[in-house]
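The values are calculated or read from the model by the stated rules, or taken from the named source; none is laboratory data. Note that the coordinates shown come from a computational prediction; the quantities given were computed from them, not determined experimentally. We place every Cβ from the backbone using ideal geometry, glycine too, and count neighbours over all the protein chains shown. Note: areas computed on protein heavy atoms with side chains; ligands, DNA, RNA excluded. Shrake-Rupley method; radii C 1.70, N 1.55, O 1.52, S 1.80 Å.
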Amino acid sequence: YEIKASDWSSDVCSSDLIETYAKKLEFLTTALVKMSRLESDVFKICPSVQRVGSLVRQATEEILPRARQKEIQIEICGDIEGKANFDQKWTQEALYNILDNAVKYSPKGSRIEVEGISYEMYFCIAVKDQGIGIREEERAQIFSRFYRSDLVQQEEGIGIGLYLAREIVQREGGYIKVESKEGNGSIFKIFQIGR
């Protein structure tokens, strides 16, 4: 994060400003530690067959405070009671990261839909937003470490969320697909091996 000279008074800075930057530093440190531990296999991902409903509800509840700040409605629909092979803790992290981006890059008063879809071999969790969308030439890059589009440089973030989400899901034997058009929102689909 860049700290601007204009953020500070000539002699002292406010406690609110210190708290804001402390939170940003904590977020950055936590994200980097998660990435490091995942990449070095300090934390093992242990998928097991379980219902998807709990995963979807917990990740949605976790993002709700941020959504409410922007008056964004989150709707859960479809078949979220299906089963898939995943690690609850890590997959909740992956889904939260996708939901966090959906909230961050969607306009005030919009809607995000989290849909469960059962297929013969896979279970899909689709996150549909009404946000800024992703340019076609950037879709292959958004899952790279520290990648941030020039369209979102003013927003908080360091470009680790989608990278972590893809790494987690791939290690469970699944994959993530994105459909998007600039200016028309995005659909992120997490495919996990179903049962």
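Per-structure values
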{"read-out": "Extreme residue, modelled with the lowest pLDDT, among residues of region 151-166 that are farther than 11 Å from residue 134 by Cα and open to solvent by 40 Å² or more (accessible area, probe 1.4 Å)", "value": "153"}
{"read-out": "Matching entry among 169, 103, 114, 127 (being within 16 Å of residue 52 (Cα to Cα), at pLDDT 85 or above, assigned to a helix (DSSP H, G or I) and not charged (D, E, K, R))", "value": "169"}
{"read-out": "Inter-residue pairs, beta-carbon under 7 Å, first in contact (Cβ under 8 Å) with a residue 24 or more places away in the chain and closer than 23 Å to residue 108 by Cβ and in region 129-142, second in a loop (DSSP other than H, G, I, E, B) and among the aromatic types (Phe, Trp, Tyr), 6+ apart", "value": "131/105; 132/105"}
{"read-out": "Total residues in region 41-87, condition surrounded by 14 or more Cβ atoms within 10 Å (Cβ to Cβ), among the small types (Gly, Ala, Ser) and in a helix (DSSP H, G or I)", "value": "3"}
{"read-out": "Unmet requirement for residue 92, which otherwise passes all of (1) in contact with a Cys (Cβ under 7 Å, 6 or more places away or on another chain); (2) under 24 Å from residue 45 (Cα atoms)", "value": "(1)"}
